[in-house]
Amino acid sequence: MDLLANLALGFSEALTSTNLFYCFIGCLLGTLIGVLPGLGPPATIAMLLPMTFTLEPSSSLIMLAGIYYGAQYGGSTTAILVNLPGESSSVVTALDGYQMARNGKAGLALSTAALASFAAGSIATLVIAAAAPLLAAFALEFHAPDYFALMVLGLIASVVLAQGSVLKALSMIIFGLIVGIVGTDVTTGVSRMTLGRAELIDGVSIVAVAMGIFGLGEIMQNLTHGDEGRSSYRAQLNSLLPSWQDLRQMAAPIARGTGLGTILGILPGGGALLSSFTAYAMEKKLASDPTRFGRGAIEGVAAPEAANNAGAQTSLIPLLTLGLPSNVIAALMAGAMIIQGIQPGPNVIIEQPTLFWGLIASMWIGNVMLVILNLPLIGLWVRLLTIPYKLLFPAILAFCAIGVFSLSFSTFDIWVMVVFGAFGYLFRRLDCEPAPFLLGMVLGPMMEENLRRAMLLSRGDPLVFLQRPISATLLLLALVAVVMVSLPAIRKQRDQALEE
Amino acid sequence: MLMSKFSRRFRAALVVSVIAFAGPSAADSFPDRAVTIVVPFSAGSGTDTGTRVLAEALEPLLGQGVIVDNRPGGNGAIAAGLVADADPDGYTLLMGTNSTQSANPLLIKSLSYDPAKDFVPIGMLATFEGILAVNPEQLPFSTVDELVTHIRAHPGEVSFATGNVTSLVMASIFARDLGLDILRVPYKSNPEALTDVVSGQVDMMFPDIASSMSQIKAGRLKALGSVTLGEATPLAPDLKPLSQTVSPNLKLVGWIGLFAPAGTPQEVVEKLSAAVKEVAESQQFVEKLGTMGANANFLPSAELKAYIDTERASFAQIFDEMGMEPQ
């Protein structure tokens, strides 16, 4: 009953014409920046933050949140159409979404992504409304050893992601780890591999690397192979919406992706990326025919898209219920609250019930707006593919450069993108998959940080990883995964399956 | 030949006289276009919001627009290097912090600027005072004396979290003044560190008031004292400064202040300094910053310079003791 009363209060706040307007603005902006490669929610929210000084607190938070989850919708668009992830969390969507587009199913892939995001967003909103304080308490139960175990599991799962040889996947992870540790070491303050450049003290920009490897690498690959890879796009422009059979096929993956995203999203750090990777790996493991993955499997789009949208929404829980921002976006929103004279903290729900429940109700309204906004756009996006590639690729290049520049207004990041564009091309020529590389780069530093923190706090006793139930369970799962990958019999089967 | 030599000399003389003439008049008419304040951290940070509140209030006083330009990266080194290289005309200013002006030369070997030589201080704007916050379940004490007795009885067992240079330096001075052996657990940012103190993974921390006050009010953290420049902070008047009780040297706080590139005409610096002083001492500014957890605290150019000199020496000593070297 309480829940209903609270939701009624929330909807009465979110449905005022002012708040509906700002919710729409947020969703629209979010979709646009999601589509534009590189320009992501952190840069956009940072730029818009000063404008929120004059708004009502609930209007400004509703708009900023809309930008964040709206970007999760838009981010998949370029990933599917031109293999260019608009956000780092849509890297996984590119794996099968782009293949679907190559098979002439770009419209279906886009509508799958939108519907999966909508379903996940609606469920996540309900979960937040019903169990936010409980989930926040769970997030506090996750200590350094547990994070370390989670990262280990994530990295091992990324081997499962890879299509070809295990050795190549491992090399890519290790290369990712090496790039990931560039910058200041948190524990000692020592700079590692910064080449004396101040720009590298905070590490190599993940967005610039992802744009280089995926975006620029793909362009080089397409240009060296002439236009032959592009001809299939023109087929079947009319099949934009999923059939009844498609819907049935994607229902279970969406449900599983939402569940994973909801849980992993509340954990600080790489919630959205980790949840979409894990959701993809899980679908591949559960599939009766895993070889379809990487060749345009609809589950490979539905599950990660559901996971990253659910994760984006639940990642705001620690901020709203505890006042502890768990990622950059949440930290920026905390800044917006402080400017408005609201101290983010455990008392916000009690002291500002209209703000809290209004924001939650607005998330559901925003998700409805986004699906209405996005479905008609699909026809337009798909038509983009009919533009001759010689006109399309310079535009993609320009947008990439603008997006990367907007990260910190530095030309250095553009050079980073160019260098990793060359790597991306090289990876493709060598049949190495870029996804494990990126996961290594993101998870590696977090894994190291938490390993050293756990060892510091346990005074050097490694048994701490086995004494905590969460980390022991996760490490056990990782061990099972290793055994499955390395058992010769299973590997033989795996290789046979790949050759077929 | 002769003609050209003459004309060259004439032109040179002309240029000199123009400069001599333009000097004072440029300062008189300053500013005749928008002034840019470069912020070394991203939008939404304490440095950024403080700058934006200042910029808004400065515009009517200067009669010109004030642009806030965020150039995050390299712990503030990118922005500071940019302003150090800018024309010293007062139109490009730096919102400096203890990171850009004191810590960076000790942390970064290839720093592109010299904080002591490349800048003229305009004035300190605000301080971010600290709090000694403990997890009430791990350390159930109500006074700092009880805490100190407990730590002395259990050397090396109590852990403290650090998320930035300021919180690290505060904890180090506290430990040195009292001769305590506590375990340092470093984090990338203060919010991350604070999260783990709230969850009980780490026992205590020296966070800033802005980020920790709501946790203290909700009873998830317990405050045992404050860290200020000397007097009790108006933001938490009931908390006794630790420098008055157990740790006399604990007088370092986080701060933000405005700087111009070295070589900026004295008149321009004075004009800016007077405007910043007027803003910083206005009731509206004090209240606005107070809601953000910052203490509007104007220090004029000379006093800011003196404060930075002692701060740098203090940082150098602590980093030296910890074996940290510029990289």
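The values are calculated or read from the model by the stated rules, or taken from the named source; none is laboratory data. Predicted, not measured: the structure shown is a model, and the values here were computed from it. Counting neighbours? That spans all protein chains shown, and the Cβs are built from the backbone with ideal geometry, glycine included.
Yes/no per residue for (1) modelled with pLDDT of 95 or more; (2) in contact with a Phe, Trp or Tyr (Cβ under 8 Å, 6 or more places away or on another chain); (3) basic (K, R); (4) closer than 27 Å to B:Q284 by Cβ:
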| position | (1), (2), (3), (4) |
| --- | --- |
| B:V16 | no, no, no, no |
| B:S29 | no, no, no, no |
| B:T47 | no, yes, no, yes |
| B:A55 | no, no, no, yes |
| B:P72 | no, yes, no, no |
| B:A103 | no, yes, no, no |
| B:I108 | no, no, no, no |
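For region B:86-145, the strands (runs of 3 or more DSSP E) that sit wholly inside it and include 2 or more residues that are within 26 Å of B:M324 (Cβ to Cβ) and aromatic (F, W, Y) are B:119-128.
So, B:I256, is that one in contact (Cβ under 8 Å) with a residue 24 or more places away in the chain, crowded, with 19+ Cβ neighbours inside 10 Å, away from chain A (no Cβ under 14 Å) and within 24 Å of the chain's Cα centre (by Cα) or not?
On the way: in contact (Cβ under 8 Å) with a residue 24 or more places away in the chain: yes; crowded, with 19+ Cβ neighbours inside 10 Å: yes; away from chain A (no Cβ under 14 Å): yes; within 24 Å of the chain's Cα centre (by Cα): yes.
Yes, satisfied.
I'd like the full set of residues that are under 30 Å from B:V39 (Cα atoms) and in contact with a Leu (Cβ under 6 Å, 6 or more places away or on another chain), limited to region B:218-252. Hits for region B:218-252 are B:S226, B:V227, B:L250, B:K251.
Here are A:T31, A:T44: which of them is closer than 21 Å to B:N70 by Cβ and of a type in the set (S, T, N, Q)? Give the steps one after another, and end with the answer.
Numbers: A:T31 fails: closer than 21 Å to B:N70 by Cβ.
Checking each option against the conditions leaves just A:T44.
Can you confirm whether region B:59-68 contains a residue that is crowded, with 21+ Cβ neighbours inside 10 Å and more than 13 Å from chain A (Cβ to nearest Cβ)? Scanning region B:59-68 turns up no residue that is crowded, with 21+ Cβ neighbours inside 10 Å and more than 13 Å from chain A (Cβ to nearest Cβ).
Per-residue answers, yes or no, for (1) surrounded by fewer than 17 Cβ atoms within 10 Å (Cβ to Cβ); (2) among the aliphatic types (A, V, I, L, M); (3) at positive phi; (4) in contact with an Asp or Glu (Cβ under 7 Å, 6 or more places away or on another chain):
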| position | (1), (2), (3), (4) |
| --- | --- |
| B:L125 | no, yes, no, no |
| B:Q138 | yes, no, no, yes |
| B:T143 | yes, no, no, no |
| B:E157 | yes, no, no, no |
| B:T162 | no, no, no, no |
| B:L168 | no, yes, no, no |
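Kindly evaluate B:V276 against the criterion of being among the β-branched types (V, I, T), assigned to a helix (DSSP H, G or I) and crowded, with 20+ Cβ neighbours inside 10 Å. The answer is yes for B:V276. Count of region B:49-64 residues, restricted to those that are without any contact (Cβ under 8 Å) to a residue 40 or more places away in the chain and within 17 Å of B:F259 (Cβ to Cβ), is 1. Scanning region B:282-327 for residues that are in contact with a Gly (Cβ under 8 Å, 6 or more places away or on another chain), closer than 20 Å to A:I338 by Cβ and of a type outside the set (V, I, T) yields B:L289, B:M292, B:G293, B:A294, B:A296. Can you find, within region A:338-349, the residue that is farthest from the other protein chains (Cβ to nearest Cβ) among those that are part of a helix (DSSP H, G or I) and in contact with a Phe, Trp or Tyr (Cβ under 9 Å, 6 or more places away or on another chain)? My answer is A:I349. Taken over region B:287-315, residues that are more than 14 Å from every other protein chain (Cβ to nearest Cβ) and either in a helix (DSSP H, G or I) or among the hydroxyl-bearing types (S, T, Y) (or both) amount to 14. Within region B:238-246, does at least one residue satisfy the condition of being within 12 Å of chain A (Cβ to nearest Cβ) and free of Cβ contacts under 8 Å to residues at least 24 places away in the same chain? Scanning region B:238-246, I find no residue that is within 12 Å of chain A (Cβ to nearest Cβ) and free of Cβ contacts under 8 Å to residues at least 24 places away in the same chain, so the answer is no.
Taking A:A454, is it modelled with pLDDT of 90 or more and away from every other protein chain (no Cβ under 14 Å)? Against the criterion (modelled with pLDDT of 90 or more and away from every other protein chain (no Cβ under 14 Å)), A:A454 does not qualify.
Out of curiosity, is A:A124 surrounded by fewer than 23 Cβ atoms within 10 Å (Cβ to Cβ), under 30 Å from A:L9 (Cβ atoms) and touching a residue at least 60 places away in the same chain (Cβ under 8 Å)? Here the answer is no, as A:A124 does not meet what is asked. The numbered conditions (1) surrounded by fewer than 24 Cβ atoms within 10 Å (Cβ to Cβ); (2) free of Cβ contacts under 8 Å to residues at least 60 places away in the same chain are all true for A:K285 except (2). Examine region B:137-149 for a residue that is of a type outside the set (D, E, K, R) and under 15 Å from the mean Cα position of the chain (by Cα), and state whether such a residue exists. So far as region B:137-149 goes, no, none of its residues is of a type outside the set (D, E, K, R) and under 15 Å from the mean Cα position of the chain (by Cα). Considering region A:434-446 alone, what residues qualify as being in contact with a Lys or Arg (Cβ under 9 Å, 6 or more places away or on another chain) and under 13 Å from A:N83 (Cβ atoms)? Within region A:434-446, just A:P434 meets the criteria.
Suppose we keep only residues that are among the aliphatic types (A, V, I, L, M) and within 12 Å of chain B (Cβ to nearest Cβ) within region A:142-201. Which one would you say is surrounded by the most Cβ atoms within 10 Å (Cβ to Cβ)?
Residues of region A:142-201 that are among the aliphatic types (A, V, I, L, M), as a first pass: A:144, A:149-153, A:155-157, A:159-162, A:166-167, A:169-170, A:172-174, A:177-179, A:181-182, A:186, A:190, A:193, A:195, A:198, A:200-201.
Of the ones still in play, those that are also within 12 Å of chain B (Cβ to nearest Cβ) are A:144, A:186, A:190, A:193, A:195, A:198, A:200-201.
Values: A:A144: 25, A:V186: 19, A:V190: 12, A:M193: 11, A:L195: 9, A:A198: 23, A:L200: 21, A:I201: 21.
The extreme case among them is A:A144.
What is the residue count in region A:124-154 for residues that are over 30 Å from A:N83 (Cα atoms), assigned to a helix (DSSP H, G or I) and not hydrophobic (A, V, I, L, M, F, W, C)? Give the steps one after another, and end with the answer.
Applying the first criterion (over 30 Å from A:N83 (Cα atoms)) to region A:124-154 yields A:126-149.
Those still in the list that are assigned to a helix (DSSP H, G or I) too: A:126-141, A:144-149.
Imposing the further condition that a residue be not hydrophobic (A, V, I, L, M, F, W, C) reduces the set to A:133, A:141, A:145-147.
Number satisfying all stated conditions: 5.
Only one entry of A:L237, A:L223, A:L195 meets the criterion of being more than 24 Å from the chain's Cα centre (by Cα), modelled with pLDDT of 85 or more and part of a loop (DSSP other than H, G, I, E, B), and that entry is A:L195. Residues in region B:204-253 that are buried (at least 22 other Cβ atoms within 10 Å of the Cβ) and among the charged types (D, E, K, R): B:D208, B:R220. Selection within region B:72-110: residues that are touching a Gly at 6+ places or on another chain (Cβ under 8 Å), buried (at least 24 other Cβ atoms within 10 Å of the Cβ) and among the β-branched types (V, I, T). The member of this set that is nearest to the other protein chains (Cβ to nearest Cβ) is B:T100. Across region A:42-49, not a single residue is classified as over 25 Å from A:I372 (Cβ atoms), of a type outside the set (S, T, Y) and more than 14 Å from every other protein chain (Cβ to nearest Cβ).
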